[in-house]
1. Quick one: E368 ticks every box in (1) at pLDDT 95 or above; (2) part of a helix (DSSP H, G or I) bar one, so which box is it?
2. Restricting attention to segment 339-375, report how many residues are over 26 Å from the mean Cα position of the chain (by Cα) and more than 19 Å from E254 (Cα to Cα).
3. When only residues in segment 415-432 that are buried (at least 17 other Cβ atoms within 10 Å of the Cβ) and out of contact with any Pro (no Cβ under 8 Å at 6 or more places or on another chain) count, which is nearest to T239 (Cα to Cα)?
4. Hey, N187 hits all of (1) free of Cβ contacts under 8 Å to residues at least 40 places away in the same chain; (2) closer than 17 Å to M41 by Cβ; (3) in contact with a helix residue (DSSP H, G or I) (Cβ under 8 Å, 6 or more places away or on another chain) but one; which does it fall short on?
5. Out of segment 27-69, which residues are closer than 26 Å to Q104 by Cβ, among the hydrophobic types (A, V, I, L, M, F, W, C) and not in a strand (DSSP E or B)?
6. Consider A21 carefully, then state whether it is assigned to a loop (DSSP other than H, G, I, E, B), crowded, with 17+ Cβ neighbours inside 10 Å, aliphatic (A, V, I, L, M) and in contact with a strand residue (DSSP E or B) (Cβ under 9 Å, 6 or more places away or on another chain).
7. Can you list the helices (runs of 4 or more DSSP H) found entirely within segment 182-299 that contain at least 3 residues being surrounded by 13 or more Cβ atoms within 10 Å (Cβ to Cβ) and over 24 Å from the mean Cα position of the chain (by Cα)?
8. Here is a check on your reading of the model: is L115 under 28 Å from L17 (Cβ atoms) and either in contact (Cβ under 8 Å) with a residue 12 or more places away in the chain or charged (D, E, K, R) (or both)?
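The values are calculated or read from the model by the stated rules, or taken from the named source; none is laboratory data. Quick caveat: nothing in here was measured; it's all calculated off a predicted structure. Cβ atoms come from the backbone with ideal geometry, glycine included; neighbour counts cover every protein chain shown.
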Amino acid sequence: MNGAAAPALTPDDFAELMQAAGPFPVAPRMAVGLSGGPDSMTLTSLARRWVAERLGTLTALTVDHGLRPESAAEARQVAAWCAEADVAHETLVWRGIKPRKGIQAAARDARYGLLSDWCRRNACTELLVGHTENDQAETFLLRMNRGSGVDGLAAMPLVAYRDGLRLIRPLLTVSRARIAATVAAQNLVPVTDPGNADRRYARVRLRDTVADLETQGISAHSIAGTARVFGTLRAARETRIAGLAREIAQLHAEGYAEIDRVALVAADPDSARGLVSVLIHAVGGQDYAARRERLDRLMGHILGGAAFRPRTLGRCVIGLRQESLVIRREYRTIEDRISPVSGQQGVWDGRFDIVFGQVPEKVEKSLELRVLGEAGWQEVAEHAGTAGFRSIPGPVRYALPALWADGHVVEVPHLQYRAKQFIDNIVEIAQFRSEPVLTGRPFWVD
């Protein structure tokens, strides 16, 4: 900015930033992640007015990770500020044993898990987080250092779809200098986290690196701009993948995928590879896509002329069924279990969004949602027969979520099976979670 002081963000500036992430529902119900740092306090302050002007509701959510003795007091400080600013607030506590290694990654996962769970319970579909342009630059450098490809170098999208939420980063093109100016203009008093200065963490060291680069004329703005270029490339690639998926692939509600192998071999190699990667990610239910080198080996076998033997990758089994390549969940590795509670919402095995209806009190303690497995399928087949399920590959049935009680299957939503002693379904929804790419929502560049 040629030495000029960075201007504070105005309500009009913020409205323009939010417009880039729209459209939004009428009277939006939103949450905002509020750590108490300058970025999230600025975001909360601006979002409060924006949401109020649209007759919506905003709840600030503070996660107390419990990693420092001061964290509870800091959360109370944030809550007090919210009370003064007339912002609804809740503190979410990360309980349980904390890992000794990889604490930052574990804390991040716990934070998003707690935020997502709160949003699901409270019918909130929009979650604002305070990542800035500097965060984008740091993420790009971190990914570059790890040897990431185009997808990784795209860094963070303006809008991401996570656990049924739209995760929105309105400040992604805003510099920390403008954040600081806004904090000063609004007389905000942020909470200081000593972890942000602890050089044991790679993110902190990268922050210092970005500062050093600034002194050499390489700004965070220009680094983030490079990430934006990769983001544009990623968005175009994902659009091509989505088009190919519509033509040659089918993602089934039971949680498996089929691809016309002949058409896949004839397709553009990069799009074919991307399609297989996306489908493995969806069917496997993992947080991250399969590693590049393993995916390349798999594609070599798929696209090769020799007979294809079943292979595993990303918690999936990839095999052939007549002329189709079938990607299914490897059922023997499924360990996820949920004890149902009336009205509870959750995610099972990273693949299915689950909503429980009314859970009968007489069996509540014995109920458990877990994998059907071979034994469970045999029990269902004895009572319901198999004629109606022949279109579903056998191993796919074994990987379905099933409700068990006292060692017996009482409900399998995808097989429309319910034990005779139950009048109503306990599982109201068991919906397979598709990938945003496959539903026409490519990487969202700011």
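1. (2)
2. Counting residues in segment 339-375 that are over 26 Å from the mean Cα position of the chain (by Cα) and more than 19 Å from E254 (Cα to Cα) gives 10.
3. Step by step, filter segment 415-432, then rank; the result is F432.
4. The one condition N187 does not meet is (3).
5. L34, M41, L43, A47, L67 - these are the residues of segment 27-69 that are closer than 26 Å to Q104 by Cβ, among the hydrophobic types (A, V, I, L, M, F, W, C) and not in a strand (DSSP E or B).
6. When the stated conditions are applied, A21 passes them.
7. The helices (runs of 4 or more DSSP H) meeting that bar are 202-215, 220-248, 261-266.
8. Yes; evaluated as a whole, the condition is true for this residue.
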